[in-house]
Amino acid sequence: MITAPDNDNNFDGPMVFIIIGKGYESDGGEGIDLHVMLKAPDDDTAVREALNALAEEGFIEADLDQIGMLTDVPDEEPHASAYQGALEGEVAIIRFR
C-alpha cells in the first residue's frame, strides 16, 4: 500500500520560478523582453510577486507569457546570479534590449 502520493507537487528543493514576458515602461512604448526569477510557494504567488516587483521598477504594464519552475541551477550569466538572488529572497529581473 502506498502511503505518500508521488506526484508533481512533491518537490524537495527550493521552488524557484522563472517567468518570461514583456514589460512596458510607458503607455504605447516598445516592450522590453524580461525574465523574472524568484522563490515562491506556488505559481500564483510567484506571478503576484513578479508583477509587484515590476511595478516597483517602473513598469506600468506587463505581458507574462510563460512560467516554469527551475529544477537545476543555471550555469550561465545572468541567470546564475539571478538564481542565487532568488534563493536569498530577491526578485531578480533580467532585461533583454
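On the given criteria, is Ala55 assigned to a helix (DSSP H, G or I) and buried (at least 16 other Cβ atoms within 10 Å of the Cβ)? Criteria not met by Ala55. A single member of Lys22, Lys39 is open to solvent by 20 Å² or more (accessible area, probe 1.4 Å), touching a Pro at 6+ places or on another chain (Cβ under 7 Å), at pLDDT 95 or above and of a type in the set (Lys, Arg), and it is Lys39. Scanning the range 59-74 for residues being loosely packed, with under 12 Cβ neighbours inside 10 Å, modelled with pLDDT of 95 or more and either out of contact with any strand residue (DSSP E or B) (no Cβ under 6 Å at 6 or more places or on another chain) or under 19 Å from Glu25 (Cβ atoms) (or both) gives a total of 2. Annotation: of all residues in the range 25-36 being of a type outside the set (Val, Ile, Thr) and closer than 16 Å to Phe96 by Cβ, the one that is surrounded by the fewest Cβ atoms within 10 Å (Cβ to Cβ) is Glu30. Keeping to the range 13-48, report how many residues are touching a strand residue (DSSP E or B) at 6+ places or on another chain (Cβ under 6 Å) and among the acidic types (Asp, Glu). Residues meeting the conditions: 2. Of the residues examined, Ala82 is not one that is in contact (Cβ under 8 Å) with a residue 12 or more places away in the chain, under 12 Å from Ile20 (Cβ atoms) and among the small types (Gly, Ala, Ser). Taken as a whole, the structure places Asp75 among residues that are more than 10 Å from the chain's Cα centre (by Cα) and free of Cβ contacts under 8 Å to residues at least 24 places away in the same chain.
The values are calculated or read from the model by the stated rules, or taken from the named source; none is laboratory data. Please read these numbers as outputs of a predicted model, since none were measured by experiment. Positions of Cβ are backbone-derived with ideal geometry, glycine not excepted, and every protein chain shown enters the neighbour counts. With ligands, DNA and RNA removed, areas are computed over all heavy atoms of the protein, side chains included. Shrake-Rupley method; radii C 1.70, N 1.55, O 1.52, S 1.80 Å.
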